[in-house]
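See structure below.
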Amino acid sequence: MSLVECVPNFSEGRDTAKVEGIIAAMKVDGVYLLDKEMDADHNRCVITIVGDRDAVAEAAIRGVGKAAELIDLTQHQGAHPRVGAADVVPFIPIEGVTLEDCVAIARHVAAEIWRRHRVPVYLYEAAATRPERQNLENIRRGQFEGLRTEVVTNTERRPDFGEAALHQTAGATVVGARKPLIAYNVYLSTSDVEIAKKIGKAVRFSSGGLRYVKGMGVLVRGQAQVSMNLTDFEQTPIARVFEFVKREAARYGAMPISSEIVGLIPKRALEEAAEWFLQVENFDSSLILENRLAAVTGGKAAVGGIRAGVEPFIELLAAPTATPGGGSASAAAGAMAAALGGMVAGMSRGKKAYQQYERELSDALTRLNRLREELKASIDLDAASYAAVLKAYKDAKTAAPEVGERAISDALKNATRVPLGIAQKAHEVRRLVESLKPITSKNMWSDLAVASALARTAIEGGLANVEINLQESKDETFKAETSKAASVITTGN
């Protein structure tokens, strides 16, 4: 299963009927509405949905189309910058997908938005096709009114999808892929918006402020507000941002009087804020009751409780049952190898010392991420394929001889193909891991050594399962073809 979050921002925060119309258009099987935030001052709403990658992509495309029908930017006014009726549509990896997967989703969605709705699209953040477009504020420069004029004459401002002209009333949409973002606003004890603007400039990274922070100053309900996006709360915690704003405000004789979160926030971000402000000694999120309960009941492992995440699988392997067995364990080993290789490539990519290998690292990371997902899926596939063999033998006792034999033969073939696929994927993982050794940090050689060893184990385990299943098969042609495919892995290993 893949789980992707999408947080589209629409330029309507006052008309509930229009917002509900957009949400209704986004109703797709397998997509769940997590949150709806409307802000009349910003005249903007933030919708949070989650679901399988294909379903979420379709929901986003439909939402953009409905927004183009209902929202007229030529009549729109609000405190928040915008270039489109559906202003920004980011995709965020949650489970079973990577950031690179979300980039592919974003580009597919962008193409479909233009094809179906004739709304031009710009790509941003991880999906950006140009370095300057990674930053959303660069795309939004001049807002709808300014971009509408400039896009016609300035080739640098042409959209990634669409013609050199904005939609007459819906403008343009910005689509991308990113990590979880926290929309965080701090209200000040002043109505002087210039103070908020100065603090917004000081806090945002593009002006020399905090890394992974975007900020600006606006006037909301008669109060100066520092409006911010935190693009990586693990690198720049929300508590550090609040303290920075508090310190800057003091320079102008002001102070924070409240703050707000727009949309959803990862639980870990609040845990870090609690640790920061409470100064609890030896704080660990496993001290939180709900986290500890999740760990001991087989839920997500808390920080400091990684064992809880793998223990159920290990105990299943230890149980006196036929599945899961060696094939599933081989797939898990291959997935861990791909994960380690991806970690090393990801940590080296973007570093100045390895800039010359940026393309190789990106290609390896993309492929390793895909192989990791395929090998994870093979854990269940192997167990299911062997269960099907046992069922075929059982059913054959009461079926016609030719029917029973054919069912057994088909089940054995599938039970052979799955571990062969595991071995083939693990072989590619090992090749990619070995290719990373000369182009990544020498401080991570042990991680690559472990990855290579795990991949080798997955190869040997997969081939062992192929061999034992072939012994039961009576299809000589299939046996010959499979043995040939296995020998290719063996000779190339």
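The values are calculated or read from the model by the stated rules, or taken from the named source; none is laboratory data. Keep in mind it's a predicted model, so treat the numbers as computed, not measured. We place every Cβ from the backbone using ideal geometry, glycine too, and count neighbours over all the protein chains shown.
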**Message:** Consider the stretch 1-17. How many of its residues are farther than 14 Å from residue 94 by Cβ and buried (at least 20 other Cβ atoms within 10 Å of the Cβ)?
**Reply:** 6
**Fill in**
Only unsatisfied item for residue 115, checking (1) at positive phi; (2) free of Cβ contacts under 8 Å to residues at least 24 places away in the same chain, is (1)
**Asked** Between a first residue in the stretch 381-407 that is touching a residue at least 24 places away in the same chain (Cβ under 8 Å) and a second residue that is assigned to a helix (DSSP H, G or I) and of a type in the set (D, E, K, R), which pairs have beta carbons less than 9 Å apart while being 6 or more apart in sequence or on different chains?
**Response** 385/417; 388/410
**Asked** In the stretch 463-489, what count of residues is obtained for those that are farther than 24 Å from residue 407 by Cβ and surrounded by 14 or more Cβ atoms within 10 Å (Cβ to Cβ)?
**Response** 4
**Item:** Subset tally (residues that are surrounded by fewer than 21 Cβ atoms within 10 Å (Cβ to Cβ) and more than 12 Å from residue 11 (Cβ to Cβ)) for the stretch 32-47
**Value:** 8
**Asked** Any idea which of (1) under 25 Å from the mean Cα position of the chain (by Cα); (2) more than 15 Å from residue 171 (Cβ to Cβ) is the one residue 84 doesn't satisfy?
**Response** (2)
**Item:** Filter result for the condition that a residue is farther than 18 Å from residue 334 by Cα, assigned to a helix (DSSP H, G or I) and more than 31 Å from the chain's Cα centre (by Cα), over 486, 480
**Value:** 480
**Asked** Condition test on residue 116, is it closer than 19 Å to residue 22 by Cβ, more than 21 Å from the chain's Cα centre (by Cα) and in a helix (DSSP H, G or I)?
**Response** yes
**Complete:** Filtering the stretch 169-190 for residues that are at pLDDT below 95 and not in a strand (DSSP E or B) leaves a count of 4
**Request:** Please list, ordered by first then second residue, the pairs with beta carbon atoms under 6 Å, 6 or more apart or interchain, first in the stretch 449-466 and farther than 19 Å from residue 341 by Cα, second assigned to a helix (DSSP H, G or I) and aliphatic (A, V, I, L, M).
**Result:** 462/422; 462/423; 463/423; 463/486; 466/420; 466/486
**Request:** Provide a single number: the residues in the stretch 48-73 that are modelled with pLDDT under 95 and of a type in the set (Val, Ile, Thr).
**Result:** 3
**Complete set of residues in the stretch 168-180 that are within 30 Å of residue 97 (Cβ to Cβ) and surrounded by fewer than 22 Cβ atoms within 10 Å (Cβ to Cβ)** = 179, 180
**Request:** Mind listing just one residue for me: the one in the stretch 133-149 that is of a type in the set (Lys, Arg) and surrounded by 15 or more Cβ atoms within 10 Å (Cβ to Cβ) and, of those, nearest to the chain's Cα centre (by Cα)?
**Result:** 133
**Request:** Return only the number of the condition from (1) of a type in the set (A, V, I, L, M, F, W, C); (2) in contact with a Pro (Cβ under 7 Å, 6 or more places away or on another chain); (3) crowded, with 19+ Cβ neighbours inside 10 Å that residue 262 does not satisfy.
**Result:** (2)
**Message:** Given (1) surrounded by fewer than 21 Cβ atoms within 10 Å (Cβ to Cβ); (2) touching an Asp or Glu at 6+ places or on another chain (Cβ under 9 Å); (3) modelled with pLDDT under 95, identify the lone condition not met by residue 164.
**Reply:** (2)
**Message:** Which condition from (1) assigned to a loop (DSSP other than H, G, I, E, B); (2) surrounded by 15 or more Cβ atoms within 10 Å (Cβ to Cβ) is the one that residue 239 breaks?
**Reply:** (1)
**Among the residues listed as 127, 86, 111, 104, the single one being closer than 27 Å to residue 370 by Cα and surrounded by 24 or more Cβ atoms within 10 Å (Cβ to Cβ)** = 127
**Request:** Output the residues belonging to the stretch 193-230 that are in contact (Cβ under 8 Å) with a residue 60 or more places away in the chain and either assigned to a loop (DSSP other than H, G, I, E, B) or not assigned by TED's automatic domain parsing to the domain that holds residue 263 (or both).
**Result:** 221
**Request:** Using the structure shown, decide if residue 152 is part of a helix (DSSP H, G or I) and surrounded by fewer than 20 Cβ atoms within 10 Å (Cβ to Cβ).
**Result:** yes
